[in-house]
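Below is one structure, written out as structure tokens, with a few remarks after it.
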Amino acid sequence: MTPVEGSLYREPDGTIAVIVGGAPIRFASMAELIETRYGNAQWTSVPKGWFDALPDQPRDGSYLRDVANGMIHQMAGGKKRALTWDEWSALGWPTFTNVPVDFLNTIPTA
């Protein structure tokens, strides 16, 4: 099964992740899932270990949104770079994916 960008998947142990740039971004809890604005979203069940076969980090050119402050970050070289409104609009308002703030904080800043 090929992961679909922005979709939610659930492994048998209950771990839920959203796919961003080909990578599964795991939610620490249902509360975090709701805080990240996926509370009513549906997920697809996948086999145990499915997430482990995917990349650890979103690929370059992925756009991640911090739901705490609305800031959109672009991935490049394994690092995130916050975009200004003007930069994001100049790029044509590319699609972004909401990600847990704790995950976003683990990515180095460019």
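Things worth noting here:
- Fluctuation leader among E35, E11, E87 - the chain, Gaussian network, Cα springs under 10 angstrom: E87
- Each Lys and Arg Cβ is given +1 and each Asp and Glu Cβ -1; about its Cα centre, the chain then shows a dipole of about 80 debye.
- Note, ³J(HN,Hα) from phi for the stretch 91-99, Karplus 6.51, -1.76, 1.60, rounded to Hz, x at Gly and Pro: 7, x, 6, x, 5, 10, 10, 5, 10
- Residues in the stretch 51-58 carry Karplus couplings, in order, of 4, 5, 7, 9, x, 7, 10, x Hz; the curve used is 6.51 cos²θ - 1.76 cosθ + 1.60 with θ = phi - 60°, and Gly or Pro positions show x.
- Extension gain for the segment L54 to T15, taken as residue separation times 0.36 nm less the Cα-Cα distance, is 12.6 nm to one decimal.
- Where the Cα pairs of the stretch 12-110 fall when distances are cut into 5 Å bins, in %: 2, 13, 24, 24, 19, 11, 5, 2, 0
- Extension gain, A76-T44: 0.36 nm per intervening residue step, less the Cα-Cα distance, totals 8.7 nm.
- A simple count of charges around G22, restricted to other residues whose Cβ falls under 14 Å of its Cβ and scoring Lys, Arg +1 and Asp, Glu -1, yields -3.
- Of T15, T44, T36, the residue with the greatest mean-square motion in the GNM of the chain, using alpha carbon springs below 10 Å, is T44.
- Once C-alpha pairs closer than 8 Å and six or more residues apart are averaged by separation and normalised to the residue number of the stretch 11-110, the relative contact order reads 27 percent.
- Remark: the stretch 44-49, residue by residue, has Karplus-estimated 3J(HN,Hα) of 9, 6, 10, x, 4, x Hz, where x stands for each Gly or Pro and the curve is 6.51 cos²θ - 1.76 cosθ + 1.60 at θ = phi - 60°.
- From the largest down, the stretch 53-100 spans 36, 21, 16 angstrom on the principal axes of its Cα atoms.
- Residue-averaged [θ]222 nm for the chain, counting only DSSP H segments that reach four residues, each worth -39500 (n - 2.57): -3000 deg cm²/dmol
No value in this document is a laboratory result; all are computed from the given coordinates. What you see is a predicted model; the values in this text were computed from it and never measured. For neighbour counting, all protein chains shown are included, and Cβ atoms are generated from backbone atoms with ideal geometry for every residue, glycine included.
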